[in-house]
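First comes the structure, then the notes that go with it.
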Amino acid sequence: MPAPPPGDAIPALFARLPSEKSLAYNKQAYYVIAMRQSPLDRSFGFLLHDIARLMRKRYDQRARPLGLTRAQWQALTHLQRHEGINQSGLAELLELEPITVARLIDRMEEAGLVRRRDDPADRRAHRLYLSERARPVLEQCRALGDAVRAEAFAGIADAEREHLVDLLVRVRGNLSERRGAPASEQREIAETAP
């Protein structure tokens, strides 16, 4: 990425801009000023967040015909990995309040995607299971996810992609609450995490 122009070059850049009253002037002036500030597009945290946001947005666009909300497809995916989990455990995985998850599960149960079963260890709790109707929906979700990933990695060689994923797994491990866990357990966590 080229370095921003030195301070004395800025007036020369502005001299080439269109009239102050045009929209193009204001847009170009904004970008010239933004070039002098620290570039957020090279900030690891900002970049990671923005990529995740764009991937969710693209997935949402593609998943709209399935009639699933983002929360529903995330819940289905977590349930596939952790069938038999209770609602509070699912709430923790989704980082949502338990009451929000209860309403979400109510709607998914009405749609025939999820089944609740009493928890044998706790009369107040329910264990959650996917219905047979959810399985083809999950296959469609997986295909959509594959398409979005292919779009995101377009023009990136397989070896580069594998290296990027390896680095991100290490970063997640560095930030994981279980960082002190043995290496074999950390690998297991990395392999099963969303």
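The values are calculated or read from the model by the stated rules, or taken from the named source; none is laboratory data. Because the structure is predicted, anything quoted here is derived from the model rather than measured. All Cβ positions, even for glycine, are placed from backbone atoms using ideal geometry, and neighbour counts span all protein chains on display. Calculation scope for accessible area: heavy atoms of the full protein, side chains included, ligands and nucleic acids excluded. Shrake-Rupley method; radii C 1.70, N 1.55, O 1.52, S 1.80 Å.
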Check on Arg149, closer than 27 Å to Gln61 by Cα, open to solvent by 70 Å² or more (accessible area, probe 1.4 Å) and under 21 Å from the mean Cα position of the chain (by Cα): yes
Go through the range 102-135 and give me each residue that's free of Cβ contacts under 8 Å to residues at least 12 places away in the same chain and over 26 Å from the mean Cα position of the chain (by Cα). Glu110, Asp118, Pro120, Ala121, Arg123, Arg124, Glu132
Selected residue [part of a helix (DSSP H, G or I), within 19 Å of the chain's Cα centre (by Cα) and farther than 30 Å from Gly45 by Cβ] from Gln140, Gln74, Gln61, Gln80: Gln140
First in the range 68-84 and touching a residue at least 60 places away in the same chain (Cβ under 8 Å) and open to solvent by 70 Å² or more (accessible area, probe 1.4 Å), second anywhere and in a helix (DSSP H, G or I) and not aromatic (Phe, Trp, Tyr), Cβ under 8 Å, 6 or more apart: Arg81/Thr192
Residue satisfying all of: in the range 85-131; of a type in the set (Val, Ile, Thr) and outside any loop (DSSP other than H, G, I, E, B); most open to solvent (accessible area, probe 1.4 Å) among these: Ile99
The condition of being closer than 24 Å to Met55 by Cβ and at pLDDT 85 or above holds, among Glu132, Glu162, Glu191, only for Glu162
